[in-house]
Amino acid sequence: MSEALHAFTTQVPEWRPRVKPIELAEATPEQLEALQVTPSNTKVSDYVLVLANDVETLKVRSPLFNAIMYGRGGLSRAERELGAVGASIVNRCIYCAAVHASRYNQLTKDETVIAKIFADGEEAELDERQAAILNFATRLSRAPSEARPEDMRRLRDAGLSEEEVLDLILSASLFGWANRLMHTLGDPIAKDGFDSGNGR
Amino acid sequence: MSGIAGNDVVTRQAGVLPGEAAHDALAARAEIVAMTQATHDAALKPRHPGGLSHAERAALASRIARLNADPALAEHYDALMREASASAEVERIADPAFKGSGRIAALIAYTDLASTRPKDAGPGDIDALKQAGIGDADIVRLAELNAFLAYQIRLIAGLKLMREQG
């Protein structure tokens, strides 16, 4: 069986669950309803089928996730993805980092920012606005949080509005949630033909 | 003008008041505030709690808040614990120094890992829950409880910073 990945990559791996996904054929009406409101409703992933074990939480979590990451106005979608990436590198969720780093790259059509973050982590040399966002997201993601008033001031000095600051807090915090599910309930596995030894 | 009632756990814990910039920002995301409260209720007081009782959920949440240096949030969960008529044994879970034995020890070990060192999680941590007799669905319930708390704690911490630096 394929080995779990341990290095950050922008090639989205597969996710192998450590607990049993529900059987779609045996799903309750409540589970079927919850499964429909997930972002990928054409093909239900093992991840979502695992989460359907706790259907009451899944049912409310999926719309919350979509509102935080895709809601109109406020922080740009790419910068919300940067908040997600910041949390995912602190929590070493290889799968989440890959999904959201690649979305950031698609949205910005610029691969250099993520390449620097994967190479140098929180020390990556970015422009001031990107650096302030990454700094805040990573410090908020520690346990306990290490975000301080100076980290908040840096966001505002970089030009973030109150609405944008709130959206960043929400996206980084949301990935405190997502990382703990993805990283503890399963393993990221290289897809066929994918170089797992050099994920950076 | 306000789109939020302000009686949800996050707004109350962060102390956000009408007229503040953070309040206006939350009002613009009123739907998210309401859904955040709905996820709190689903993780703490589900209609079908499975093998993880309301009292145990509240006790674990209180422990997680303490491990994340948020004593005020821990008090909120202590109140939920009393509301759920937690036994003296379950109440001990809220104390981070208590490690327990058997099934309780397994719930605590996963919780302490997920809430403070999630990056160190490996396949062995889920195996340990299974070996303690905790079924797959309850493992997911436990993971969701921990994961929700990680979100809520950081959202509150971020809002407090918005107010301090307002």
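General observations
- Longest to shortest principal axis, alpha-carbon extents of the protein assembly as shown, angstrom: 56, 52, 40
- Fluctuation leader among B:Asp120, B:Asp41, B:Asp78 - chain B, Gaussian network, Cα springs under 10 angstrom: B:Asp120
- Cα-centre dipole for chain B with unit charges at Cβ (Lys and Arg positive, Asp and Glu negative), debye to 20: 100 debye
- Residues A:His100, B:His40, B:His54 arranged by fewest to most Cβ contacts within 10 Å: B:His54, B:His40, A:His100
- Considering only alpha-carbon pairs that sit under 8 angstrom and 6 or more positions apart, the relative contact order computed for chain A is 35 percent.
- Packing-based exposure ordering (other Cβ within 10 Å, fewest first) of A:Asp54, B:Asp8, B:Asp127: B:Asp127, B:Asp8, A:Asp54
- Distance between the C-alpha centres of segment A:32-101 and segment A:158-182: 12 Å, rounded to the whole angstrom.
- FRET efficiency for the B:Phe98 to B:Asp41 pair, using the beta carbon distance and R₀ = 25 Å, is estimated at 0.40.
- Residues A:Leu134, A:Leu107 in ascending order of nearby Cβ atoms (within 10 Å, fewest first): A:Leu107, A:Leu134.
- At R0 = 45 Å, FRET efficiency that the Cβ-Cβ distance of A:Ala119 and A:Asp157 yields, to 0.05: 0.95
- Cα-based reach from A:Lys43 at 25 Å (exclusive), listing lysines while leaving out same-chain residues under 8 positions away: A:Lys20, A:Lys59, A:Lys191
- Of the residues A:Asn179, A:Asn66, A:Asn91, the one that moves most in a GNM of chain A with alpha-carbon contacts below 10 Å is A:Asn66.
- Axis angle, to the nearest 10 degrees, between helix A:77-90 and the longest C-alpha principal axis of chain A: 80 degrees.
Each reported figure results from applying straightforward, stated rules to the coordinates on display, with no laboratory input. Note that this is a predicted model, so its numbers are computed, not measured. Every residue, glycine among them, receives a Cβ derived from its backbone with ideal geometry; neighbour counts consider all protein chains shown.
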